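Below is one structure; the comments refer to it alone.
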Amino acid sequence: MDSHIIEQYDETAVNCLTGSYSVLAGIAGRPVAEQTVFERGDGYLFQAGLDESGYPEYIFPVEEAGALGITRSGFTVHKEPIDFDAPGPQLEALLARHRAVIVWVNTAHLNYADVYRDNNPYLHAVVVQGIAADHGHVEVHDSLVVGPQPFSCRAVVTFDDLVRSAADRIKSDAHDAMGFFYAISDDLLAADSPDPAAADGEGRPNGAELSGALTRQAERFFAEERFREAIRRYQALCEECFAGSSERAAHGARRLFHHASVLYAVPSLKLMAHSLRVADASERSLTLHEEAMRHWEAMGVLALRYEATSAPSVLKRITQRFEQLDEVTEKLWQSVAAVSEVHNRSS
């Protein structure tokens, strides 16, 4: 049986791992929205580094945020090294115990979607939720297939393809978690919670919880250099990339577009907008958030122009936009922290 898609959906996750944790929670019987994983996992904080192909990336700490978000939602994460000598029996036992697992894969070996076959390989997380009795194939849930029209899907994957995808190690500055199965167990159910509503569904965080989560992230932004200096580091890495060969500069510009508009910055800010509103954020915070969104959207447009033209004038505008983004991002987190200080003084 060849790898192929069983069902395809228009709805997608914002990120493959946080989306996968949301899928696991649903399979476990207590749904947790991906937005909640972001909020509780400090997913609005970003760092910069190099991706699996050596190009600059601006990304939230995916493994850390996913694990924090699902743990703070009342689950325990179980991480088990893949036994590549006997992966079939191991996976079968894990699925019997947990019903589904997450695995990081190299997309070079995912043959069910054209986008994986036709593009450069990258790190990706999928949920495995079934294995054939003869271990010939597995069923996966892919929460984010990134292409011209992104989608999610359920797919059949040959077991050999799955093993190859998990074993062919690939890493970036932000990701180095291949070679493991990840499962979750529900702490509330394990504790035999007396509150049926709590066991049935975690629900969305209320305004007070979201305000606290945003405050915590503001404090981490200023306390941890990797977050505070992220935009400046990303700028330096992009400028170094643009100074390389014309081919590398063009590809780096395309990656800047993807990180700004498609994969990380703008999608994260869209989630953050909802969090700010529910947390009853100040008008200043909302205004600064909108400004940051506009700058990242404009950055995406500039990146495409630079890819097409390599014009020094466009590069100058990219530099200016980075400076504006660095300034407005710091002001945004300052405003979030300031509101918290006011609340603490008045309480």
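The values are calculated or read from the model by the stated rules, or taken from the named source; none is laboratory data. Bear in mind that the values here come from a model prediction, so they are computed numbers and not experimental data. Glycine gets a Cβ as well: all are built from the backbone with ideal geometry, and neighbour counts include every protein chain shown. SASA here: full protein model, heavy atoms, side chains in, ligands and nucleic acids out. Shrake-Rupley method; radii C 1.70, N 1.55, O 1.52, S 1.80 Å.
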Q | Residue list for the stretch 81-99, restricted to those being under 10 Å from Phe181 (Cβ atoms), hydrophobic (A, V, I, L, M, F, W, C) and in contact with a helix residue (DSSP H, G or I) (Cβ under 7 Å, 6 or more places away or on another chain) | A | Ile82
Q. Which of (1) open to solvent by 30 Å² or more (accessible area, probe 1.4 Å); (2) more than 21 Å from Gln324 (Cβ to Cβ); (3) touching a residue at least 60 places away in the same chain (Cβ under 8 Å) does Leu214 not meet, given it meets every other one?
A. (1)
Q.
Residues to consider are Tyr21, Tyr58; find the one that is in a strand (DSSP E or B), of a type in the set (Phe, Trp, Tyr), closer than 21 Å to Pro150 by Cβ and at pLDDT 95 or above.
A. Tyr58
Q: Being within 16 Å of Leu269 (Cβ to Cβ) and of a type in the set (Asp, Glu) is the filter; apply it to the stretch 297-326 and report the residue that is least open to solvent (accessible area, probe 1.4 Å).
A: Asp326
Q | Selection within the stretch 6-45 - within 30 Å of Arg233 (Cα to Cα) and touching a strand residue (DSSP E or B) at 6+ places or on another chain (Cβ under 6 Å) | A | Thr12, Ala13, Cys16, Leu17, Gly19, Ser20
Q) When only residues in the stretch 125-157 that are within 12 Å of Ala13 (Cβ to Cβ) and at pLDDT below 95 count, which is most open to solvent (accessible area, probe 1.4 Å)? A) Pro150
**Q.** Selected residue (criterion: nearest to Phe46 (Cα to Cα)) from residues of the stretch 158-177 that are buried (at least 19 other Cβ atoms within 10 Å of the Cβ) and under 22 Å from the mean Cα position of the chain (by Cα)
**A.** Ala174
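Results for (1) touching a residue at least 12 places away in the same chain (Cβ under 8 Å); (2) under 25 Å from Ala113 (Cβ atoms); (3) open to solvent by 30 Å² or more (accessible area, probe 1.4 Å); (4) of a type in the set (D, E, K, R), shown as yes or no for each residue.
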{"residue": "His4", "(1), (2), (3), (4)": "yes, yes, yes, no"}
{"residue": "Leu17", "(1), (2), (3), (4)": "yes, yes, no, no"}
{"residue": "Pro31", "(1), (2), (3), (4)": "yes, no, yes, no"}
{"residue": "Thr36", "(1), (2), (3), (4)": "yes, no, no, no"}
{"residue": "Tyr44", "(1), (2), (3), (4)": "yes, no, no, no"}
{"residue": "Asp51", "(1), (2), (3), (4)": "yes, yes, no, yes"}
{"residue": "Glu57", "(1), (2), (3), (4)": "yes, yes, no, yes"}
{"residue": "Thr76", "(1), (2), (3), (4)": "yes, no, yes, no"}
{"residue": "Leu95", "(1), (2), (3), (4)": "yes, yes, no, no"}
(Q) If I ask for residues that are in a loop (DSSP other than H, G, I, E, B) and either in contact with a helix residue (DSSP H, G or I) (Cβ under 7 Å, 6 or more places away or on another chain) or farther than 25 Å from Ala65 by Cβ (or both), which ones from the stretch 144-178 would you list? (A) Val146, Gly147, Pro148, Gln149, Asp168, Ala174, His175, Ala177, Met178
Q: Being open to solvent by less than 40 Å² (accessible area, probe 1.4 Å) and within 17 Å of Glu327 (Cβ to Cβ) is the filter here, so list the residues in the stretch 263-285 that pass it.
A: Ala265, Leu269, Ser285
